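Novice: Okay, handing you the structure first.
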Amino acid sequence: METDSTDIIAVSDIVVSLKGRDAGGEFLVTAEEGEYLYLADGRRRRIENPKKKKRKHVRRAGGSESRAGEKLRGGETVTNAELRRALSERADAGEKTEGGTRVG
């Protein structure tokens, strides 16, 4: 079942995989192509080889205000270290989301 939140996912958003071997993993959206998103985390899925995943198989966890997010939105080159840092900062900050909306 597809939810409305899958339609508002954009480049530089942080998403959680719902299906597949990577289920539960957090990724940054590096590109969009129709119903597909390209996801990378800088470790298992590097920026050079992002995972192509259908929108309905991910849930938006929030936006990225990190340097990596800014570079992705601006169309600049992002490094794997910047992706890892962006996801790490989010985890360290203990950000919680509810239905794709930041809480607290």
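The values are calculated or read from the model by the stated rules, or taken from the named source; none is laboratory data. Since we're looking at a predicted model, the values are computed, not measured. Cβ atoms come from the backbone with ideal geometry, glycine included; neighbour counts cover every protein chain shown.
Novice: Tell me which residues, restricted to the stretch 78-104, are modelled with pLDDT of 80 or more, within 17 Å of Ala10 (Cα to Cα) and over 13 Å from the mean Cα position of the chain (by Cα).
Specialist: Across the stretch 78-104, the qualifying residue is only Val78.
Novice: Which members of the stretch 9-54 meet the condition of being of a type in the set (Asp, Glu), surrounded by fewer than 20 Cβ atoms within 10 Å (Cβ to Cβ) and within 20 Å of Ala91 (Cβ to Cβ)?
Specialist: Here is the first cut: in the stretch 9-54, the residues of a type in the set (Asp, Glu) are 13, 22, 26, 32-33, 35, 41, 48.
Then keep just the ones that are surrounded by fewer than 20 Cβ atoms within 10 Å (Cβ to Cβ); that gives 22, 26, 32-33, 35, 48.
Answer for the stretch 9-54, where residues must be of a type in the set (Asp, Glu), surrounded by fewer than 20 Cβ atoms within 10 Å (Cβ to Cβ) and within 20 Å of Ala91 (Cβ to Cβ): Asp22, Glu26.
Novice: Here is a further query. Might you check whether a residue that is loosely packed, with under 15 Cβ neighbours inside 10 Å, touching a Lys or Arg at 6+ places or on another chain (Cβ under 9 Å) and of a type in the set (Gly, Ala, Ser) occurs anywhere in the stretch 72-86?
Specialist: Checked against the condition, which is being loosely packed, with under 15 Cβ neighbours inside 10 Å, touching a Lys or Arg at 6+ places or on another chain (Cβ under 9 Å) and of a type in the set (Gly, Ala, Ser), the stretch 72-86 yields no hits at all.
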